[in-house]
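Heads up: the structure comes next, in structure tokens.
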Amino acid sequence: QLMQKSLNSVRRSLESKAKPDDVVQELGGGTKAHVVIPMAIFHLFRNGFHFEDTLIQALNTLHPSGIDADSIMSVAGGIAGAHFPNEVAQSDWIEGLEDRDAISLTAHKLYEAAVADDGLLAKLQGT
């Protein structure tokens, strides 16, 4: 119920074009999923799923009482990257990423395992 309440709050905030700081005040601080995930979703939708804009806004939003900004950025960046992998691949930020090649290889292997005929996606779809 907490997650649904938070997601409803984010939906209303997006509809009313509320400022990020106002959404934070409504959801409150903290590092729980019912705060982090809705805030990530808010930043994603507010920035049209644009990778860098989403992360910059998440970083620049004042999060009171230690709300987990890096978790919000991780969730938002992961979702945006899944939607627009080419934007992530072309981002200047990727060049300076430590262990970039190892991360890329691991991500590719996970993707291949997921889409294989007997992979995770097939199992989730019941095929």
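I'd like the residue in region 9-56 that is assigned to a loop (DSSP other than H, G, I, E, B), closer than 21 Å to residue 81 by Cα and not aromatic (Phe, Trp, Tyr) and, out of all such residues, is most open to solvent (accessible area, probe 1.4 Å). Steps first, answer last, please.
Of region 9-56, the ones assigned to a loop (DSSP other than H, G, I, E, B) are 16-19, 28-32, 47-50.
From what is left, the residues that are closer than 21 Å to residue 81 by Cα are 47-50.
With the extra rule that they be not aromatic (Phe, Trp, Tyr), the set shrinks to 47-48, 50.
Numbers: 47: 37, 48: 54, 50: 70 Å².
My answer is 50.
Pairs under 9 Å by beta carbon, first residue free of Cβ contacts under 8 Å to residues at least 40 places away in the same chain in region 31-55, partner among the hydroxyl-bearing types (Ser, Thr, Tyr) and open to solvent by 40 Å² or more (accessible area, probe 1.4 Å), six or more apart or different chains?
Between residues of region 31-55 that are free of Cβ contacts under 8 Å to residues at least 40 places away in the same chain and residues that are among the hydroxyl-bearing types (Ser, Thr, Tyr) and open to solvent by 40 Å² or more (accessible area, probe 1.4 Å), the close pairs are 36/74; 40/74.
Which condition breaks for residue 106 when tested against (1) at pLDDT 85 or above; (2) surrounded by 13 or more Cβ atoms within 10 Å (Cβ to Cβ); (3) of a type in the set (Val, Ile, Thr)?
Every condition holds for residue 106 apart from (2).
Determine whether residue 75 is part of a helix (DSSP H, G or I), open to solvent by less than 60 Å² (accessible area, probe 1.4 Å) and modelled with pLDDT under 80.
no
Just wondering, is there one or more residues in region 85-98 that are in a loop (DSSP other than H, G, I, E, B), at pLDDT below 80, under 27 Å from residue 21 (Cα atoms) and open to solvent by 100 Å² or more (accessible area, probe 1.4 Å)?
No, that holds for no residue.
The values are calculated or read from the model by the stated rules, or taken from the named source; none is laboratory data. Only a predicted model underlies this, so the values are computations on that prediction, with no experimental measurement involved. We place every Cβ from the backbone using ideal geometry, glycine too, and count neighbours over all the protein chains shown. In case anyone asks, the SASA skips ligands and DNA or RNA and just uses the protein heavy atoms, side chains included. Shrake-Rupley method; radii C 1.70, N 1.55, O 1.52, S 1.80 Å.
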